[in-house]
1. Relative to the longest principal Cα axis of the chain, at what angle does helix 43-54 sit, 0 to 90 degrees, rounded to 10?
2. Considering only 36, 16, 45, give the residue with the highest GNM mean-square fluctuation for the chain, with springs between Cα atoms whenever their separation is below 10 Å.
3. Report, in degrees rounded to the nearest 10, the 0 to 90 angle that the Cα long axis of helix 3-21 makes with the longest principal axis of the chain.
4. Using Cα springs under 10 Å in a Gaussian network model of the chain, which residue among 40, 26, 13 shows the largest mean-square fluctuation?
5. Arrange the following residues from fewest to most other Cβ atoms within 10 Å of their Cβ: 54, 48.
6. Taking the Cα atoms only, what angle lies between the long axis of helix 28-37 and the longest principal axis of the chain, rounded to 10 degrees?
């Protein structure tokens with residue numbers, strides 16, 4: 001391979017590597033799933049624990 005072609009391939013691989021290293025957040029559907037789980041699972045557990053601590057049952 002020519003040296004120019006090798007440099008071009010190396011630059012492209014570096015660009016791809018940089019894209020893969022970028023941190024990614026949650027997608028929009030996963031945010032909705034997390035929100036629903038928060039209300040349906042974590043919310044009632046916290047409410048139960050708080051009512052148990054304050055003897056509100």
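Values quoted throughout were computed directly from the atomic coordinates according to the rules given, and no laboratory measurement underlies them. Source: prediction; values computed, not measured. For neighbour counting, all protein chains shown are included, and Cβ atoms are generated from backbone atoms with ideal geometry for every residue, glycine included.
1. Once rounded, the angle reads 40 degrees.
2. 16
3. Here the helix axis deviates by roughly 0 degrees.
4. Result for the chain, Cα springs under 10 Å: 13 fluctuates most.
5. Ascending Cβ contact count within 10 Å gives the list 54, 48.
6. Taking the Cα atoms of the chain, the angle to 28-37 is about 20 degrees.
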